[in-house]
Amino acid sequence: MKLKRRYALFDIGKSSKFVDRTLSLSLPSALVFAMLAALKLITPWLAVISYACIIIFNAVLLFPITFELQQLKKYISSLASDDNIANEKMNLSEEETREIVDAVNAMHRFWAQKADNLEAQSISDTAVLDTLPDPIMMIDRSGNILGANLSSRNLFGENITDKNVENLFESNNFIEAVNRVLKKESEAENLIFYIQKPVDQKLYAHIKQLPWQSKGRAVAVISLYNLTKALKIEKMQSDFVANASHELRTPLAIISGFIETLLTSAKDDPDAREKFLKVMKDQAEYMSSLIENLLSLSKIELSQDQRPNQQVNVPEVMNEVKEALTLKAQERHINIRAVTEFAPEEGNIIADRQQVKQIVQNLTDNAIKYGLSNTDITIRAKLVDAIPASKSFNVAEGPAVAIAINNKGPKISPENLARLTERFYRMQEHKDLNIKGTGLGLSIAKQIVIRHRGNLTVSSSGYSGTTFTIYLPKQA
Ligand SMILES: Nc1ncnc2c1ncn2[C@@H]1O[C@H](COP(=O)(O)OP(=O)(O)OP(=O)(O)O)[C@@H](O)[C@H]1O
Ligand SMILES: [Mg+2]
């Protein structure tokens, strides 16, 4: 079997060199025998037989070395093509071939190790580039994208590396800047440009030649920074300042108007004075709650990236809120019920106590203000296995406490429901009813749940009223 395999590897048909070598090695002997025969020192028959013996002798001598050389050739080719033969054990009888195989193996091991190191290095480089939040691309001399990190692939699609920057970006300014770098007219270019696809975005680009040492086919690197988000935050902040100053200006204008009236036309009218002073007091109170809420919001925003770390007992907080708001609720003949569906000690969570109280208080305060009079408000706490996911922020995994605050009242329309947590947003019907409020209570509540990696949901129906549910993870 072994022998069959050995000969199968040795392809005589292809190996005309073996025959050539055997014959050429035997040629001197042929000449000697021909001469001996010509001199009649031996008979021609003896010369032919002796020559045939020499050929057989040479063939037997040459066969193993030729066979092993062929095997060696196949082995080296298999190493180059990563074939399986490379893993097979070879039975070599010739010392020299064994030494060559050992040398080839040592060389193969050396380069394989180098290739492994290089691959590991390139995998780790790719992984590092993929962790960067901003897009980075490498381009060749013609502007073809050779490599792109995860952020680029997410932004422009997985097949980005098949494209040329000219097809990917429509901005002429950007293309011109890339060309200046590619033509070595400039070493680096920085610019701000807009793209429409895949979505409208404002980008800052830094295009830089690669140092000559790092040159493969890539000659330049493009790094992009998305300015859209920063601009959005900037706009939100300026809108907020504009809204806040607008909200403060209105009560201030009302107060100064009344002061003016009291100083002039209503100077000697005690009835008007009393009426105006009450309005002024209301406006001053509104201003103070507006300032208080604005301060609260900025304080929460400042603490947004600090993990809450206090042990908070939810039923205890619920009872404190109930006590604080009972009087206010009684004015509207509303009864507050605090219900806990678990043993009080199971209601411990890691959170910010003051903020948990603030959120329960804001929602209960809303229930009192906007709920039907002569009804009950229920604050119900229960344990849940998971927090429902949110589209706009991350929520914590694992068990949580859900605090649902329900009040009776008319159904809130879906259009209003979608906007309730917007800053300063108030439903028109409540403004018309002259119910006091700054429109910030629910934005504060939303910021608090975001900080706690919880969630805030709302459902409203004509039959069961409106229920705001706060989810707070047991471990924030
Ligand atoms: N339980 C509720 N039922 C019906 N509408 C509500 C309820 N809670 C809130 N709203 C509506 O959502 C709006 C925003 O509420 P939010 O708590 O943010 O502000 P506010 O109550 O008006 O002011 P603030 O809480 O600062 O005193 C309210 O003005 C009201 O129109
Ligand atoms: Mg409110």
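Rule-based calculations on the coordinates, nothing more; no lab input. Note that the structure is predicted; figures quoted are calculated from it, not measured. As a convention, Cβ positions derive from the backbone with ideal geometry for all residues, glycine included, and neighbour counts pool all protein chains shown.
Quick notes on this structure:
- Dipole of the chain, positive end: most advanced residue of Pro135, Gly437, Val356 [Cβ charges, Cα centre]: Pro135
- When both bridge partners sit in region 307-476, DSSP labels roughly 80% of those beta bridges antiparallel.
- Spin-label pair Tyr425/Asn172, simplified geometry with 7 Å Cα→Cβ offset, distance in nm: 4.2
- When the Cα positions of Gly257, Ile195, Ala220 are compared along the charge dipole of the chain, Ala220 comes out farthest toward the positive end, with charges on each C-beta of Lys, Arg, Asp and Glu.
- Once the Cβ-Cβ distance of Lys183 and Thr250 is raised to the sixth power relative to R0 = 60 Å, the FRET efficiency obtained is 0.50.
- Top positive-direction residue, dipole computed over the chain with Cβ charges, set Thr326, Ala396, Gln304: Ala396
- Cross-link table Lys114/Lys184; Lys446/Lys474; Lys183/Lys232; Lys278/Lys357; Lys229/Lys369, entries beyond 25 Å C-alpha to C-alpha: Lys114/Lys184; Lys183/Lys232; Lys278/Lys357; Lys229/Lys369
- Dipole in debye (nearest 20) - the chain, about Cα centre, beta carbon charges: Lys, Arg +1; Asp, Glu -1: 840
- Cα gyration tensor shape of the chain, rounded if a/c is under 1.5, else prolate or oblate by comparing a/b with b/c: prolate
- Computed [θ] at 222 nm, deg cm²/dmol, the chain (DSSP H ≥ 4; -39,500 (n - 2.57); rounded to nearest 500): -18000 deg cm²/dmol
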